[in-house]
Amino acid sequence: YIFSESNFMKEAANSLLKILEEPPDFATIFLLSENPSSLLATIRSRCVQLRLEAIASDDVETYLAKERPEWAPRQRALVARLCGGGIGQARTFDLAAYTAARQDALTLLRSSVSSEDHTELFKVTEGYRAGADGKDKTDQLIRATYSLLQDLLYLLSGTPKLVRNTDLQSELTKLAGGIDLKWVQLASQKLGEVETGMRRNLLRSLSLDAFATALERS
């Protein structure tokens, strides 16, 4: 029995504790948690703790070569880095959706760094409308933007080997030349505000426009 999310409510945790104290002979129970300290100490004391490390990107690429042969080597390398060593995430990764969201994220960041013309920005943000589909699309855009901001941080910190969006490294290097660490910090803060606004059902297109224009550099 595998519990993929092990942050139990108190009542459920107490019930599980009773099972762990007298486990059935027919069962092996796995509790998966990114933060073991969130589990009751009494539960942790009755378990054998195994720490799982991320799988090397090269091994993920080898796996994807068999599971996703329709992807080019460059695409497999990109997914392997983006998934951070997670085989399950890599296997089910929606590359087309991520690539589309990432292109829009690039437009947002470019418009923030170079504010001469907002035509391209407005064309992109106009496509982010209300409704469930719009929410999913916006969530994907936000995740892609965070990914690019992280890579910009790596470039500004002098650690280009950590960049995950390797196929865009030249474009990201160009962007990094026009910003600094404070800009990345501000962009992350403003992007968090966009996330909060989405939960309050603010108009998505205007929120994204505001995000880009708030970061403009003279």
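Once C-alpha pairs closer than 8 Å and six or more residues apart are averaged by separation and normalised to the residue number of the chain, the relative contact order reads 19 percent. Exposed loop positions in the chain were taken to be GluC sites (Glu not before Pro) whose DSSP state is not H, G, I, E or B and which have at most 10 other beta-carbon atoms within 10 angstrom. Between these positions, the longest stretch is 117-218.
Restrict the search to segment 1-95; then list the chymotrypsin sites (Phe, Trp or Tyr not before Pro) that DSSP places in a loop and that have at most 12 other Cβ atoms within 10 Å of their Cβ. Numbers along the way, then the final one.
On the way: sites: Y1, F3, F8, F26, F30, Y63, W71, F93; in loops: Y1, F8, F26, W71, F93.
In loop regions of segment 1-95 (DSSP not H, G, I, E or B), the sparsely surrounded chymotrypsin sites (Phe, Trp or Tyr not before Pro) are Y1, F26.
As an equivalent ellipsoid, segment 49-89 spans semi-axes of 20, 9, 7 angstrom, where each value is the square root of five times an eigenvalue of the C-alpha gyration tensor, largest first. Per residue, the chain exposes an accessible area of 62 Å² to a 1.4 Å probe, with every protein chain left in place. 3J(HN,Hα) along segment 159-166: 10, x, 5, 8, 4, 9, 7, 5 Hz, from the Karplus curve 6.51 cos²θ - 1.76 cosθ + 1.60 with θ = phi - 60°, whole Hz, x for Gly and Pro. I'm spelling it out carefully: the read-out is semi-axes √(5λ) of the Cα gyration tensor in Å, the candidates are (1) 29, 20, 19; (2) 39, 23, 17; (3) 45, 21, 14, and one was derived from this structure. Which label? Matching entry in (1) 29, 20, 19; (2) 39, 23, 17; (3) 45, 21, 14: (2).
3J(HN,Hα) along segment 95-101, derived from phi through the Karplus expression 6.51 cos²θ - 1.76 cosθ + 1.60 where θ = phi - 60°, amounts to 5, 5, 5, 5, 4, 5, 5 Hz, with x in place of Gly and Pro.
Among A65, C47, A105, whose Cα sits farthest toward the positive end of the charge dipole of segment 43-129 (+1 at Cβ of Lys/Arg, -1 at Cβ of Asp/Glu, about the Cα centre)? Looking along the dipole axis, the top candidate is C47. Once you order the gyration tensor axes a ≥ b ≥ c over the Cα atoms, which shape class does segment 83-177 get: rounded for a/c under 1.5, otherwise prolate or oblate by comparing a/b with b/c? In terms of gyration-tensor shape, oblate.
Carbon-plus-sulfur accessible fraction, segment 94-192 (probe radius 1.4 Å, protein heavy atoms only): 53%. For segment 70-178, the relative contact order comes to 29 percent (Cα pairs under 8 Å, sequence separation of at least 6).
The values are calculated or read from the model by the stated rules, or taken from the named source; none is laboratory data. Keep in mind it's a predicted model, so treat the numbers as computed, not measured. A quick note on method: Cβ atoms are made from the backbone with ideal geometry, for glycine too, and the neighbour counts reach across all protein chains shown. SASA here: full protein model, heavy atoms, side chains in, ligands and nucleic acids out. Shrake-Rupley method; radii C 1.70, N 1.55, O 1.52, S 1.80 Å.
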